[in-house]
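Take a look at the structure set out below.
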Amino acid sequence: TGDSLRVVIVRQPAASRVEIVGDFTDWEPVEMAGAPNGEWRIERVIAPGPHRMAIRVDGGPWRVPSNLPHVADDFGGEVGIVIVP
């Protein structure tokens, strides 16, 4: 199907909890695993192409990572777009 396992990394050194949500999580929040270097990771099967996503740090508001382009979502907020090759 073209789907393959991908690693998503978010750098939030001061965070105690990071969650990710996106079309590749069926819009269900998924807690990321933290590492001592401040990186947070998940491994997911993600199909190639454009995907919408957002993160939440320490229970705060959902936001777009600063390195991703922002687009409006269907609920008056914003999501980030990431392109999977």
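Inside segment 60-78, can you point out the residues that are assigned to a loop (DSSP other than H, G, I, E, B) and either more than 12 Å from the chain's Cα centre (by Cα) or closer than 13 Å to residue 22 by Cβ (or both)?
To start, the set of residues in segment 60-78 that are assigned to a loop (DSSP other than H, G, I, E, B) comprises 60-62, 64-69, 73-77.
Selection gives 60, 61, 62, 64, 65, 68, 69, 73, 74, 75, 76, 77.
Residues of segment 27-39 being under 16 Å from residue 56 (Cβ atoms) and under 13 Å from the mean Cα position of the chain (by Cα), which ones? Steps first, answer last, please.
Pass one, segment 27-39, residues under 16 Å from residue 56 (Cβ atoms): 27-34.
Those that are under 16 Å from residue 56 (Cβ atoms) and under 13 Å from the mean Cα position of the chain (by Cα): 27, 28, 29, 30, 31, 32, 33.
Return the residue satisfying two criteria in turn: it lies in segment 46-59 and is of a type in the set (Val, Ile, Thr) and closer than 25 Å to residue 16 by Cα, and of such residues it is surrounded by the fewest Cβ atoms within 10 Å (Cβ to Cβ).
Filtering segment 46-59 for residues of a type in the set (Val, Ile, Thr) gives 46, 55, 57.
Now drop any that are not closer than 25 Å to residue 16 by Cα, which leaves 55, 57.
Numbers: 55: 23, 57: 17.
Once the filter is applied, the top-ranked residue is 57.
Out of segment 1-38, which residues are aliphatic (A, V, I, L, M), open to solvent by less than 90 Å² (accessible area, probe 1.4 Å) and closer than 21 Å to residue 83 by Cβ?
Pass one, segment 1-38, residues aliphatic (A, V, I, L, M): 5, 7-10, 14-15, 18, 20-21, 30, 32-33, 35.
Now narrow it down to the ones that are open to solvent by less than 90 Å² (accessible area, probe 1.4 Å): 7-10, 15, 18, 20-21, 30, 32-33, 35.
Scanning segment 1-38 gives 7, 8, 9, 10, 20, 21, 30, 32.
Residue-by-condition table, conditions (1) touching a helix residue (DSSP H, G or I) at 6+ places or on another chain (Cβ under 7 Å); (2) free of Cβ contacts under 8 Å to residues at least 60 places away in the same chain; (3) under 21 Å from residue 6 (Cα atoms):
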| residue | (1), (2), (3) |
| --- | --- |
| 17 | no, yes, yes |
| 28 | no, yes, yes |
| 40 | no, yes, yes |
| 43 | no, yes, yes |
| 52 | yes, yes, yes |
| 70 | no, yes, no |
| 77 | no, yes, no |
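The values are calculated or read from the model by the stated rules, or taken from the named source; none is laboratory data. Remember, predicted model here, so these are calculated numbers, not experimental data. Here the Cβ is made from the backbone with ideal geometry for all residues, glycine too, and neighbour counts use every protein chain on show. When the accessible area is computed, the model is the full protein with side chains, heavy atoms only, and any ligands, DNA or RNA have been set aside. Shrake-Rupley method; radii C 1.70, N 1.55, O 1.52, S 1.80 Å.
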